[in-house]
1. Provide Val258, Val245 ordered by accessible surface of protein heavy atoms (probe 1.4 Å), highest first.
2. Rg and Dmax of region 266-322, using alpha carbons, in Å: what are they?
3. Can you tell me which aspartates and glutamates have their Cα less than 18 Å from the Cα of Lys255? Leave out same-chain residues fewer than eight positions away.
4. With a cap of 14 neighbouring Cβ atoms within 10 Å, and only residues DSSP puts in a loop, list the trypsin sites (Lys or Arg not before Pro) found in region 344-437.
5. Once you keep just the Cα pairs under 8 angstrom separated by 6 or more residues, what percentage relative contact order results for region 241-309?
6. How much net charge surrounds Asn97 when only other residues with a Cβ under 9 Å from its Cβ are counted (Lys, Arg +1; Asp, Glu -1)?
7. Just from the alpha-carbon atoms, what are the Rg and Dmax of the chain in angstroms?
8. Per residue, what accessible area does region 188-303 have, given a 1.4 Å probe and all protein chains present, in Å²?
Amino acid sequence: MTSGQSQLSLHSSNLSRTDLHDRDSTGHVPALRVDIVPHSEEPLWRQRVMRQHLLDFSDDDPKSNAIVVDPVVEAFVGQLMPASDGDPIARSSIWDNIRGARFRAIIDERWHLGGELLERQGIAEPLLGYWAEQNRIPGWGRSKLGKDNGHNTIEDAYFDVAQTRGWMGWISGAWEWDVGIDALHIGAGRSSAFLSQQAVPSPYARASFVGKNHRTTGWTTRWMSTRRGPLGETAESLLERTRAVFLTHQQFIGKHWVVQGVYQFSWETTPLEVPEGWEALGMLPGETYQPHRHTTGMEVQFHHSLTQRANWIAYAQQSFDVGTKERFIPGRESQVFIPLTTVLGTRLNWRSISLQSEFVNRSDAHCRDCWGYLGISNAGPLQSVHENAGISTQSLWNNSFRLNGQASLHRWQFSALKEWNNIGEIATAQVEFLVQPVWPLSIALGWGRVNSSNPILNYQQLTLGVRAGILSWK
């Protein structure tokens, strides 16, 4: 299924979902995505375990009935150091530990399913601590903070978080169906104008119709807020929920062009009361309404094969809030389509080398409570926000420009990243040695550095660790 997705921690490259290797450039993950390696025929058990799944309960014909289980592990330790003389950050140790298991199965050749259960604890470096201190981890969701009445600040953050994913899919003719818990991605990049790889997993039900040169997909999902609802029969009020519906259509035009249109409607499930001052719009004080939002937009991609083994893609995404002409963001003129998120990127794959650049701008129109209406001075009725567990479903940062690359040589993999965002400048480099290719299992050595105007977020680090079942995405 998937692995612990997209962290900020510098000690390893960003974690990714294994099913990202199956998705196409539009971000679509197929309903059937089980990849099972056949039994190894090696005579010795220690040779077999290095060439197959950890636990394999498959029939002789794995295409009809198969069940495999693999470990998901990451154990890193590192040393945190000042970025330069005079920096206030103290030399200290950090660590990160992910542990769990993933299973994949095929039943009667028709049903494909998979899932994983993960736990994660650690002492975060300050960049990840920036989020942990807010009780949230990108790609994971709400987390616990602190230990023994301490370890609860950005520069010393102990976090504890768990994650469950799962899915089941089947195909009938041109139709595909799947249900599960995951963050379905939209677009060719890491960030997205609609739904990114950093989004927190959520339950979903999806259906797709696939034609020769097109595909139409719709799904419904539910997000969790960080706000507490009214106190009910439980000792502590439940977190508010937001429901969302997505509809996408991808058109593949010749060999070079892909156009993807997206529509999204989201609404909060907790009714709110209308405040005074909205009678001119037919909204009486005391009436209830549910904050909602209509979002639309599109992505355009250009593909080109430079050589037989070199492929280049350029992509652009733009999303819009769809309102009425009376609604506006203070300081802007009234408009129906208000820009939300812009994503521009390019990627080159040549042999075992991958290079990517990506620019993201997320406007202030994502706000929940800063809307107004013409002729009315106070804030308008609240709008739903594109967040799950306090993490944006589109981009972690308001503005960012990212360069990253990977290269593989036999069992060695080298990766580097440089990013400028509203926190500061981030640089990482990592080298991995692949020990077991099926899980996969590797040993990794990493270096990272953050330069920021915030002294706490101005440091560098060295890390060493082992990882299994966690893949770096391109």
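The values are calculated or read from the model by the stated rules, or taken from the named source; none is laboratory data. Computed from a prediction, not measured in an experiment: that's the story for all the values here. Cβ atoms come from the backbone with ideal geometry, glycine included; neighbour counts cover every protein chain shown. Accessible surface areas use protein heavy atoms only, side chains included; no ligands, DNA or RNA. Shrake-Rupley method; radii C 1.70, N 1.55, O 1.52, S 1.80 Å.
1. Per-residue accessible area, sorted high to low, gives Val245, Val258.
2. Every Cα atom of region 266-322 included, Rg and Dmax give 22.2, 66 Å.
3. In chain and number order, the partners are Asp24, Glu299.
4. Working: sites: Arg347, Arg351, Arg362, Arg368, Arg402, Arg411, Lys418; in loops: Arg351, Arg368, Arg411.
Sparse-neighbourhood loop trypsin sites (Lys or Arg not before Pro): Arg351, Arg411.
5. Dividing the mean separation by the residue count of region 241-309 yields 34 percent.
6. On the way: positive: Arg99, Arg120; negative: Glu74, Asp96, Glu119.
So the environment of Asn97 carries a net charge of -1.
7. Rg and Dmax of the chain, Cα atoms, are 23.3, 81 Å.
8. 48 Å²
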